[in-house]
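Below is one structure; the comments refer to it alone.
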């Protein structure tokens, strides 16, 4: 992607739908599409900006753009271009990115919503907080990621997609390969966390909601509850019958939780 500081979104493949409260949605392992039920339900109450991160899906990536540091600074530029006091929703890997942004610029964010977010290390060096996405067999990865794998939408979405390549088009497989490569680039080592982020979450001084799929075994609800406990005043909520991707497995329920949070008076 080019360094267009005037409009960084111009280089990114971005879903822009809906009207109302401005909401920046940062995707997880795979980008989001406008026709997904979660986006459609949320767009009834909010103006959605959902970019594909550089290297994911159809968004280009420059060769020297290769770290979470680069992503954070890109999205700081994105925030400068979007409406003041925007809501930021982060899903999985995107939750890590959202938390980094909130630590740096809470003054630009109205509310923060993390959904099955990665990004912090809780246990010791010998303990694994986050299932290793790149070294876990696809069948186990799918079992850990979904409450009911049969509910996964068709297409290049979510974890465990390797088991379903026979159902995808060549174009979808290319998009998935790009997204998987980009995720490896940004998050392989340390695996899906910043060792310093945990110590800085106390800087998040905005209304925050941490939502978790009750059946998530990529990052457990206990991890999520601890995550919420590190953010001053954050509320923790659980979505039943959902794994690591509530936005795909229980989209209406997740959208309803988010809309209700957005409609609460700001303290």
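All of the numbers you see were taken from the coordinates with simple rules; none came from a lab. Keep in mind it's a predicted model, so treat the numbers as computed, not measured. Cβ: placed from backbone, ideal geometry, glycine included. Neighbour counts: every protein chain shown.
Data for the structure
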| quantity | calculated |
| --- | --- |
| Cα-based shape type of the stretch 58-214, given that a ≥ b ≥ c are square roots of the gyration tensor eigenvalues and the cut on a/c is 1.5 | prolate |
| Gyration tensor (Cα) of the stretch 29-130, equivalent ellipsoid semi-axes in angstrom | 22, 17, 16 |
| Cα gyration tensor, the stretch 81-163 - rounded (a/c under 1.5), prolate or oblate | oblate |
| Cα-projected label distance for residue 16 with residue 199, points at 7 Å along beta-carbon direction, nm | 4.0 nm |
| Packing rank of 56-65, 240-249, 73-82, where each peptide gets the mean count of other beta carbons within 10 Å, highest leading | 240-249, 73-82, 56-65 |
| Mean Cα-pair separation over length for the stretch 186-250, i.e. relative contact order, pairs under 8 Å, 6 or more apart, % | 35 percent |
| Entry for semi-axes √(5λ) of the Cα gyration tensor in Å (calculated from the structure that is shown) out of (i) 27, 22, 20; (ii) 24, 22, 20; (iii) 31, 20, 17 | (ii) |
| Cα shape, the stretch 117-182, gyration tensor, a/c 1.5 rule | prolate |
| Spherically averaged projected area in nm², based on the convex hull that wraps the Cα atoms of the stretch 137-260 | 8.6 nm² |
| Burial order of peptide ranges 137-150, 213-226 (average beta-carbon count within 10 Å, highest first) | 213-226, 137-150 |
| Mean separation of Cα contacts under 8 Å (6+ apart) over length of the chain, as relative contact order % | 21 percent |
| Computed FRET value (nearest 0.05) for residue 84 with residue 241, which takes r as the C-beta separation and R₀ as 22 Å | 0.05 |
| Residue list for the stretch 115-131, given a label point 7 angstrom along the Cα-to-Cβ vector of residue 67 and an amide N cut-off under 12 Å | none |
